[in-house]
Amino acid sequence: MASALEEPLNLAPVTEGQHGTIGANGTSSSTNSQYDPNFTDNVIKATGPKANKRLAQLMPSLVRHLHDFCRENEVTVEEWSQSVEFLNECGRMSDDKRNEGQLFWDILGVESLVDEITYKVAADSGEKPTTTAILGPFWRPNAPIYPMGSSTILKDQGGDVTHMHGSVTDFTTGKPITNAEIDIWHTAPNGLYEQQDPEQPDMNLRGRFYTPDSGDYDFYCLRPTPYPIPFDGPAGKFLKLLDRHPMRPAHIHFIISAKGYKPVVTQIFDRRDEWLGNDSVFAVKDSLVVDFAPKQGDEKAGFDLKYDFKLVAVEDAKNGVHGGTEVTSA
């Protein structure tokens, strides 16, 4: 079957919406629609009394938004069919090394928005836990475990070797966290994660490290490189149709977790990157922008990066301290 996004698309002519507009919370602002005025309510009322409580809460709003969108824009059967095929194409391309569906939501900013909604730190808080950022579609479980001071670089492909170090502490008490897991991954200098690149060894530039009693950590990685998100699938074609660029600013991914603490999924970004203010997936946050400093006296690395992670205990989170992320596979 042909791609859902092969041009030219069979889209309806652009016209002024005349048959109802979307109001607050997905309610229709028009009572004079030419379409069946009871249709949407009938779909919502079809939900039974034993439905999942969260779905029963969410679906009325979702259905109203979707139905009003279709009516307002007079979406045709052909356009709807193309959207279905587009989602199917995302599914066909996804596997345990690439999540095309998640990538599509990322370029719409949905994952970044949900991250902000879910884990917003209280506005009046001064010192804050480590800020979260999106997981992205290229995390892999079971990265190799390395001792502190090791390198995640399995093959020399150039790039600026960096000595990264810092601490993992309790946000509330400031005490070090023992046996915290630091899961790190980033691209090679060619802008590819290792599962995208047959020239890289398996699990290259990935690793997990566990903190000692001091809560300190250190390892060697690369100063990250900006790169385009994969442009060979539905998400990339969609960006092209929107006349948007695919670039992500240079960043390193992390998941920081420890027993009794809310895990933090985050990224850190190179302050000197030209794409910092124009991320294709809208994930940059000010507190995650860092400076890579020249390093002297270390034959293994030319750059130094110190970054401290602060985790919120689960019990503190129950008492209103915000921060942390639920980790799900991509």
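For the stretch 246-267, taking the residues that are part of a loop (DSSP other than H, G, I, E, B) and open to solvent by less than 10 Å² (accessible area, probe 1.4 Å), the one that is farthest from Gly215 (Cα to Cα) is identified as Pro249. Summed over the stretch 72-83, the residues that are assigned to a helix (DSSP H, G or I) and open to solvent by less than 70 Å² (accessible area, probe 1.4 Å) give a count of 5. Within the option set Asp308, Asp270, being buried (at least 20 other Cβ atoms within 10 Å of the Cβ), modelled with pLDDT of 95 or more, more than 17 Å from the chain's Cα centre (by Cα) and acidic (Asp, Glu) holds for one residue only, Asp270. Only residues in the stretch 239-257 that are farther than 17 Å from Ile134 by Cβ count as the first member; pair them with residues that are in a strand (DSSP E or B), Cβ under 8 angstrom, at least 6 apart or cross-chain, and list the lot. Listed by first residue and then by second, the contacts come to His245/Pro228. Taken together, Thr76, Thr152 contain a single residue that is modelled with pLDDT of 90 or more and either touching a helix residue (DSSP H, G or I) at 6+ places or on another chain (Cβ under 8 Å) or in the same structural domain as His165 (by the TED database) (or both), which is Thr152.
Looking at Asp243, is it surrounded by 17 or more Cβ atoms within 10 Å (Cβ to Cβ), in a loop (DSSP other than H, G, I, E, B) and of a type in the set (Asp, Glu)? Taking the combined requirement at face value, the residue does not satisfy it. Of everything in the stretch 155-172, what is among the hydroxyl-bearing types (Ser, Thr, Tyr) and modelled with pLDDT under 95? Give them in sequence order. Scanning the stretch 155-172 gives a single hit, Thr172. Could we say that Val265 is among the aliphatic types (A, V, I, L, M) and over 17 Å from the mean Cα position of the chain (by Cα) here? When the stated conditions are applied, Val265 does not pass them.
Matching residues to (1) in a helix (DSSP H, G or I); (2) at pLDDT 90 or above:
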residue: Ile44; (1), (2): yes, yes
residue: Gly48; (1), (2): no, yes
residue: Cys70; (1), (2): yes, yes
residue: Phe104; (1), (2): yes, yes
residue: Gly126; (1), (2): no, no
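The values are calculated or read from the model by the stated rules, or taken from the named source; none is laboratory data. It should be emphasised that the depicted structure is a prediction, and the values quoted were computed from it without experimental measurement. Glycine gets a Cβ as well: all are built from the backbone with ideal geometry, and neighbour counts include every protein chain shown. When the accessible area is computed, the model is the full protein with side chains, heavy atoms only, and any ligands, DNA or RNA have been set aside. Shrake-Rupley method; radii C 1.70, N 1.55, O 1.52, S 1.80 Å.
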